[in-house]
Amino acid sequence: MTPQQTVEELDRYVIGQHKAKRAVAISLRNRYRRRQLSRELREDIRPKNLLLIGPTGVGKTEIARRIANISGIPFVKVEATKFTEVGYVGRDVDSMVRDLVEVSMSLLRAQRIEQMGPKARERAHEKLLDTLYPESRKYHPLSGYEKHSDKHGNLSMCIEETDSVSAKRQQLSEQLKSGELNEKEVEIDVNEQTTPMVEVFSSQTGFEEMGINMQGLQSMLGNMLPSRQKRRRVKISEARDILFQEEMNNLIDHDELQKEALSLAQESGVIFLDEIDKIASSYTSNTGPDVSREGVQRDLLPLVEGTSVMTKYGIVKTDHILFFAAGAFNVSKPSDLIPELQGRFPVRVEFDALNIEDFKRILVEPQNALTRQYKALLGVDGLDVEFTDDAIEAIARFAFQANADHENIGARRLHTIMEQLMEEAAFDAPQKLSGKYAIDGGSVEKAIAPLLKNHDLARFIL
């Protein structure tokens, strides 16, 4: 996608923040531009990592979520606070790269299913048909003559039997395709590969961290152990899915898939590191000693700069993985990060705080606007909810006021206010309420104003 197209897509879900959208769109487009260059030049162009700075609830995480949906590239969002320094109990930072490779595998596997799905479904259908009504023989003149001809050499019996089998199989095939037999049960043979014990312990013992290629080890042990078939009795709808997965597994070249996944993660992967301000020194010093936080920053350095990480599919180089880091920095400052890490995020974008006009737009403009969500939810119970313009104005005003008087949580304040506002309608529908249900400015004042006046209530409810 071009930068303009990316921004247009983000505009459907995130209000304002044009500087941030432009910076993200340019960074993503530069990945594509780099891949079009010669190998010599391509290796020297490093991604320009972004540091997104802004208060909570202004769209940082939402932009990341939407980018993951629209970009079609491997994208992983992780919380910086989940990681600990090597040597402490918890996840190490290399695990985010392993997660990225898993996402790459999922993307490519989905592409393979789209490409080879029709062929696999046809094979699964034939296999299921053979299970339900085996084709005892395929007509061949010589075999039919040898086994079914009478003393005069007449082939009529063979032809009649073959025609009968074909007709019944055709009828059964049509019933399977139409779904008439989905609830019927059938016995099928399912291939089960004996699982090497090393696979059981690999996720817990950190084999990848010790430089052991788990995929190669599992593959070697798996080939040494025989596959076996297990007979299962399942519904036809489930049997169709099982057989489809087996056929897809046979059609996919897994070695090629793994190579492509590693390359895709290395060349196009994006890691979004949220809450990075929570591992800054100023933040940790105010909340008590936490010796592992600065260690996490130092562990991040080689990943962002470029290193090799062992995954169960092979080695991944992080030189060209793009990193987005985001944080509110309400307690700490970007300068509280260690200098080496600051230098790895050369592009900094500040998000704007939300005002009343932004809240009004957030309520009505996005494709997933809160007002649309409540209309759809209550519409299930036959309630036709309408929000007047003065109601939208009042909701936005109260949200802005609550953020100003208490903790500023940005657009998330709208969720708490809307829940309070819609509580009565959500409870009474459909038994006491039905038909049109209009919400105007007076309704909003009646439901929300008393809470804002009582500061103790507002602190805990809004």
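Computed from the coordinates by the stated procedures, all read-outs in this text should not be read as laboratory data. Bear in mind that the values here come from a model prediction, so they are computed numbers and not experimental data. Because the Cβ atoms are built from the backbone with ideal geometry, glycine has one as well, and the counts that use them run over all protein chains shown.
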Ranked list, fewest to most other Cβ atoms within 10 Å of each Cβ, for LEU451, LEU354, LEU300: LEU451, LEU300, LEU354
Partners for LYS77 among lysines (Cα-Cα distance below 29 Å; same-chain residues under 8 apart left out): LYS19, LYS21, LYS48, LYS60, LYS259, LYS278, LYS312, LYS317, LYS333, LYS360
For LEU176, LEU243, which order do you get if you count the other beta carbons within 10 Å of each Cβ and list the fewest first? LEU176, LEU243
Hey, got a sec? Which chymotrypsin sites (Phe, Trp or Tyr not before Pro) in region 58-129 land in a DSSP loop and have at most 15 other Cβ atoms within 10 Å? TYR88
Where does each of LEU433, LEU10 land when they are ranked from fewest to most other beta-carbon atoms within 10 angstrom? LEU433, LEU10
